[in-house]
Amino acid sequence: MLLISCPNCGPRDETEFHYGGQAHVPYPENPNDLTDREWAEYLFYRENTKGTFAERWVHSTGCRQWFNMLRDTVTYDIQAVYQMGGAAARRARPTRS
């Protein structure tokens with residue numbers, strides 16, 4: 001089980017949180033101009049990174065606030081937690097085996 005450090009409430013069990021997808025995905029500048037295919041790509045197609053990945057999470061049973069987290073998708077190691085709209089944490093360099 002993961003222990004996630006909410007930026008507002010401190011460390012809590014992962015069962016208090018819900019995953020919200022890839023972080024730092026910009027909203028389309030002119031959404032009315034997008035084709036159906038472009039909308040589908042925006043809504044459904046995301047990176048499938050092996051290693052450090054920026055994610056959105058919400059503390060659904062606590063403060064109900066959204067935040068971003070850098071997490072290694074292989075080891076589940078949480079590398080950084082930071083507020084939405086704040087400065088993005090630097091991604092750790094992938095390690096070579």
_Pull out all pairs, ordered by first then second residue, where Cβ-Cβ is under 9 Å, the residues are six or more apart or on different chains, the first lies in the stretch 48-70 and is at pLDDT below 95 and acidic (Asp, Glu), and the second is part of a loop (DSSP other than H, G, I, E, B) and crowded, with 20+ Cβ neighbours inside 10 Å._
none
*Considering only the stretch 39-61, state which residues are touching a helix residue (DSSP H, G or I) at 6+ places or on another chain (Cβ under 9 Å) and either farther than 14 Å from Ser5 by Cα or exposed (fewer than 15 other Cβ atoms within 10 Å of the Cβ) (or both).*
Trp39, Tyr42, Ser60, Thr61
*Asn8 being modelled with pLDDT of 95 or more, in contact with a His (Cβ under 9 Å, 6 or more places away or on another chain) and in a loop (DSSP other than H, G, I, E, B)*: yes
*Looking at the stretch 3-24, which of the residues that are surrounded by 13 or more Cβ atoms within 10 Å (Cβ to Cβ) and either among the hydrophobic types (A, V, I, L, M, F, W, C) or within 16 Å of Tyr45 (Cα to Cα) (or both) is farthest from the chain's Cα centre (by Cα)?*
Cys9
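Quick check on my filter: what residues within the stretch 35-53 are of a type in the set (Asp, Glu) and either in a loop (DSSP other than H, G, I, E, B) or under 25 Å from Met69 (Cα atoms) (or both)?
Of all residues in the stretch 35-53, those of a type in the set (Asp, Glu) come to 36, 38, 41, 47.
Residues satisfying the conditions are Glu41, Glu47.
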*Residues satisfying the stated conditions in the stretch 25-37, i.e. surrounded by 10 or more Cβ atoms within 10 Å (Cβ to Cβ) and either among the aliphatic types (A, V, I, L, M) or closer than 21 Å to Arg56 by Cα (or both)*: Val25, Pro28, Leu34
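The values are calculated or read from the model by the stated rules, or taken from the named source; none is laboratory data. Please read these numbers as outputs of a predicted model, since none were measured by experiment. Glycine also receives a Cβ, built like all others from the backbone with ideal geometry; neighbour counts cover every protein chain displayed.
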